[in-house]
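Structure, as structure tokens:
Each value in this text was obtained by applying a stated rule to the coordinates, not by laboratory testing. In this text the structure is predicted, and so the values were computed from the model without any measurement. Neighbour counts run over all protein chains shown; Cβ positions are idealised from the backbone, glycine included.
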Amino acid sequence: MIEAFIIALAVVTLVAVARRQQPIRLSTSFFLVLLTGVWLWANLRSSGWREELGGQGPPEGLDPVTRGLFYRGWPLSPFMFCPRRGMRFRSGGLEGWVLIFDWIVLVVALFLAKFVCERCCHRRGGRKYKEGHS
């Protein structure tokens, strides 16, 4: 269920970035979909940290999304900001904010990729037009 939520969030973000202000070229939309797919893969794959840290589960008191993604996430995972006392994790309050940071990374990456792709296509298209009408 958590995976479906994250996929839906990524798709909604992709659509919002792609439709912002002006339509985008097909090549740009393809690149944005590819970038979103890579972000989903990086966030939903098993990172191996759970096994590395002894198979310990997330602490009590976390929301369902943070709990489901406790050992996942890119560039950061919630467990990285969860304090450990003894051999157990304790909820510190920053775990959910890590997921918001991951989402902000997606938004910034998509906007940056859109800007670069559209700028490159605009320059290339302008050059072809000038060469044809010289």
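Details
- Nearest-ten-degree value, helix 95-132 long axis tilted from longest Cα axis of the chain: 10
- Cα centroid of region 23-69 to Cα centroid of region 79-105, whole Å: 15
- Between the Cα long axis of helix 26-44 and the first principal axis of the chain there is an angle of about 10°, rounded to the nearest 10.
- Farthest towards the positive end of the charge dipole of the chain, among the residues Tyr71, Phe5, Leu53, is the Cα of Phe5, using unit charges on the Cβ of Lys, Arg, Asp and Glu.
- In range of the label at Ser91: residues from region 25-61 whose backbone nitrogen is under 18 Å from the point 7 Å along Cα→Cβ: 57-61
- Relative to the longest principal axis of the Cα atoms of the chain, the long axis of helix 2-19 makes an angle of roughly 20 degrees.
- Where a label projected 7 Å from the Cα of Phe111 along Cα→Cβ would reach, residues of region 1-24 with amide N under 15 Å: 13-22
- With contacts taken as Cα pairs under 8 Å and at least 6 residues apart, region 1-89 reaches a relative contact order of 26 percent.
- For region 2-123, the alpha-carbon coordinates run over 58, 23, 22 Å along the three principal axes, in decreasing order.
- Annotation for region 59-124: trypsin sites (Lys or Arg not before Pro) lying in DSSP loop with at most 14 further Cβ atoms inside 10 Å of their Cβ are Arg90.
- Charges were assigned to the Cβ only: +1 to each Lys and Arg, -1 to each Asp and Glu. The resulting dipole of the chain about its Cα centre is roughly 660 debye.
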